[in-house]
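Report on the structure given below.
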Amino acid sequence: MAKSHFFQSILIANRGEIACRIIRTAKAMGLRTIAVYSDADRNAPHVKQADEAIHIGPPPVGESYLDMERILSAAKESGADAVHPGYGFLSENASFAKACAGAGLIFIGPTPDAIDLMGDKAKAKRRMIEAGVPCVPGYQDKDQSDAALTDAAQKVGFPIMVKAAAGGGGRGMRLVTDEKNLAAAIKTARSEAENAFGSGDLILERAIIRPRHVEIQVFADSHGHVVHLGERDCSVQRRHQKVLEEAPSPAVDAALREKMGASAVKAAKDIGYVGAGTVEFLLDQSGAFYFLEMNTRLQVEHPVTEMVTGFDLVEWQIRVARGEPLGFAQDDVNLTGHAIEARLYAEDVSKDFLPATGAIDFWRPASGDGVRIDAGIATGGEVSPYYDPMLAKVIAHGTTREDARARLVEALKETALFGVATNRKFLIDALERPAFVNGEATTAFIGEAFTTDDLSAAPLSREDAAIASALLHVAAREAALEQAVSAPRALLNWSSGETIKTPYRFECRGEVHALTIAPTERPERYSIETEDSAHVAKVKTVSSNAAEIQVDNRAVSVLYNLPDGPGGGRIQVSIGGRDFDLVNLNAVAVSAEDAAGAGAVTAPMHGMLIELFAKEGDVVQKGDRLAVLEAMKMQHELIAEIDGKVAAVHATPGVQVAADTLLMEIEGE
């Protein structure tokens, strides 16, 4: 008979939005919550939301969130009864689960044996083949020599996926279309896997072209009950990392759901699984599905399942960890409506989705019926280079899929995040592409639906500049009114002489936009002249960070922020999901000079310099690989922008470098 485990306090061995998510449910259940934090997260929301917080070390994950001894010490210091690992970090670390048990702590997750088995893709696949679960043809043997992998790849055939046997999240994964690229892919995947997971073991799988990525949420208790909670479609991915997720899948009907659900339950039962888990499948165009992997933890995308089933998955994780039986059977699981989730990342889409860092000048999530925001950020915070760039999840639920999709688009447009580059406009564009609207998106969706031009930074239009000038003008006027000893509001914008024209010179993304703004005789209407156009703007409503403005005959909803105050010269605006940071050159001194030029190879962000491929004196061509930088759990290749000769190398592999550090100089031909 299963044991009952009474506990009153939970230490959350994680950070960011998932830590906040767990704290929310734990507190609702009357449990005391303990957060842990690194130096970089000292003022993070999860630290403030918990009942207690324990410092666990410097920012690097190996010295804080991945340091088992520090986590266990924090649990002992705080008197915690249980540990919830969230996802990522130590959530799928069997040694950590064992260490928790050894320290007398309840690990809120599956058994160490299940984590160990399913955390190794090679072991998991061999076990699933034995259990009769459909699997993708490939290679998962113990011989990890390059020769064995090359021989196996030739037998499986190309295209083929090279994948890390441990871990997930797209790290240590490469698509190889022909044999000539296999050796490089094996080397890079092995290196990335070793750095991310501590194991360079790889598996090979036949690449299924244009599949759907469909996963089944399973739940099991310690009394032998196993159920599934339907599927999630996670096909919209970039570099094998999920971007949009939805439940149910538009490609799955009731009959297919029953088959996939039965296979997932079979997989969980075969290994004696307990807790929340996700069995991932690839679904091909014929309706055949193949086991991909099992994630022995809560998934990032779990909210869409919660919204269509009504179950709080974190609550049931806690209840199962207590030894309680599931309070429902398979027949009690009903899917109501549709839910879609968008992952909001700190990244510069126009620079090949390069992870971004920096200050969060302003954060205001959307709200409304059917909208849920899971976030771990706050105004005044900092996006650190040490952790995953996902900042928040925006989720919408509706009666139909189209209701959910339309609601999510509006929620993204109404969500303001200024100060650091994000993928918000890209998410909106993806949700509005015909293939997604029609429920036809596969894992090839982003590559097929977007061109390089589609991903370039949106230009600032004359109308956009007019909107910014009107907002700055009104803000400066209101600030002046507050400073005045006695000035009737009725006299605002009034002049006894000629109409007062205020000039603005906005710098945005290297371009300068000159214009003048002048009040008209009609209240809150302004005449705006640019170098080659004229506009009339009417400020219909304005609050501290939102406004409704009519430009000519077009009504526009605007989110905005004044990071330096009304007279500071900077304004950040979001118009239709497009974000701009404008500097009024007439108010502040700005230098846009870039002395280094294209011949300077600099670190695009903080990270570890893994490899250098060129030395002083080498001749390189535009497009050549120069270095590999590891940051935010991914390896980023630095490419030569010009043809030339390496004049100097200023860095060595194996060291941490800061953003904008000069690594190498190339003299152009």
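One residue stands out in region 89-118 among those that are not hydrophobic (A, V, I, L, M, F, W, C) and not in a helix (DSSP H, G or I): the one that is farthest from Ala220 (Cα to Cα), namely Gly104. Within region 6-17, residues that are closer than 26 Å to Ile377 by Cβ and basic (Lys, Arg) have Cβ atoms under 6 Å from residues that are surrounded by 24 or more Cβ atoms within 10 Å (Cβ to Cβ) and at pLDDT below 95 in no pair, counting only partners at least 6 apart in sequence or on another chain.
Cβ-Cβ distances below 6 Å connect the following pairs, each with a first residue in region 67-88 that is at positive phi, a second residue that is polar (S, T, N, Q) and crowded, with 24+ Cβ neighbours inside 10 Å, and a separation of six or more residues or different chains: Gly86/Asn14.
Checking region 603-619 against the condition returns no match, with no residue being touching a Gly at 6+ places or on another chain (Cβ under 6 Å) and either crowded, with 16+ Cβ neighbours inside 10 Å or at pLDDT 90 or above (or both). Taken together, the criteria exclude Val304 from residues that are within 18 Å of His228 (Cα to Cα), over 25 Å from the mean Cα position of the chain (by Cα), of a type in the set (Val, Ile, Thr) and crowded, with 20+ Cβ neighbours inside 10 Å.
You will find that of Thr336, Thr379, Thr422, the residue that is modelled with pLDDT of 95 or more, surrounded by 23 or more Cβ atoms within 10 Å (Cβ to Cβ) and part of a loop (DSSP other than H, G, I, E, B) is Thr422 and no other. For the residues Ala131, Ala153, the requirement of being more than 30 Å from the chain's Cα centre (by Cα) and either at pLDDT below 90 or closer than 24 Å to Ala262 by Cα (or both) singles out Ala131.
To keep it simple, each residue is scored yes or no on (1) out of contact with any Asp or Glu (no Cβ under 7 Å at 6 or more places or on another chain); (2) modelled with pLDDT of 85 or more; (3) outside any loop (DSSP other than H, G, I, E, B); (4) of a type in the set (D, E, K, R).
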{"site": "Ala598", "(1), (2), (3), (4)": "no, no, no, no"}
{"site": "Val628", "(1), (2), (3), (4)": "no, yes, yes, no"}
{"site": "Glu641", "(1), (2), (3), (4)": "yes, yes, no, yes"}
{"site": "Pro653", "(1), (2), (3), (4)": "no, yes, no, no"}
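Please indicate, with yes or no, whether at least one residue in region 455-474 is among the acidic types (Asp, Glu) and either closer than 27 Å to Val236 by Cβ or modelled with pLDDT under 85 (or both). So far as region 455-474 goes, no, none of its residues is among the acidic types (Asp, Glu) and either closer than 27 Å to Val236 by Cβ or modelled with pLDDT under 85 (or both).
Restricting to region 1-42, and then to whatever is in a loop (DSSP other than H, G, I, E, B) and modelled with pLDDT of 95 or more, can you tell me which residue is farthest from Ala101 (Cα to Cα)? My answer is Arg42. Inspect region 72-88 for any residue being part of a helix (DSSP H, G or I), of a type in the set (D, E, K, R) and surrounded by 16 or more Cβ atoms within 10 Å (Cβ to Cβ) and give the result as yes or no. No: region 72-88 contains no residue that is part of a helix (DSSP H, G or I), of a type in the set (D, E, K, R) and surrounded by 16 or more Cβ atoms within 10 Å (Cβ to Cβ).
Highlighted here are the strands (runs of 3 or more DSSP E) found entirely within region 172-290 that include at least 2 residues which are in contact (Cβ under 8 Å) with a residue 60 or more places away in the chain and under 30 Å from Gly327 (Cα atoms): 212-220, 226-238, 241-247, 275-283.
The values are calculated or read from the model by the stated rules, or taken from the named source; none is laboratory data. All values reported here derive from a predicted model rather than from experimental measurement. Positions of Cβ are backbone-derived with ideal geometry, glycine not excepted, and every protein chain shown enters the neighbour counts.
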